[in-house]
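The structure appears right after this line, and notes come after that.
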Amino acid sequence: VHGLSKKQLASREVVIIDIASTVRDYWSYAVGTSHVDLSKFKSLRTNRGLLRGGWQ
């Protein structure tokens, strides 16, 4: 899809990001506040959410 060589594909690293984590680090910075609990977010547009423990 991105035109990567076999060597580049082999060197990829999967990083799992837990957006439901209540640890205030990256996500607090990304959303601009530490008062947002993304584990309790429900989309009004798509009606998806809440995130449950063990989701991926």
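The values are calculated or read from the model by the stated rules, or taken from the named source; none is laboratory data. Just so we're clear, the structure is a prediction, and the values are computed from it rather than from any experiment. As a convention, Cβ positions derive from the backbone with ideal geometry for all residues, glycine included, and neighbour counts pool all protein chains shown.
Considered as a group, the residues in the stretch 30-49 that are in contact with a strand residue (DSSP E or B) (Cβ under 9 Å, 6 or more places away or on another chain) and part of a loop (DSSP other than H, G, I, E, B) include one that is modelled with the lowest pLDDT, and that residue is Phe41.
Condition check ((1) surrounded by 11 or more Cβ atoms within 10 Å (Cβ to Cβ); (2) modelled with pLDDT under 75; (3) part of a loop (DSSP other than H, G, I, E, B)) across all residues:
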{"residue": "Val15", "(1), (2), (3)": "no, no, yes"}
{"residue": "Ser28", "(1), (2), (3)": "yes, yes, no"}
{"residue": "Leu51", "(1), (2), (3)": "yes, no, yes"}
{"residue": "Gln56", "(1), (2), (3)": "no, yes, yes"}
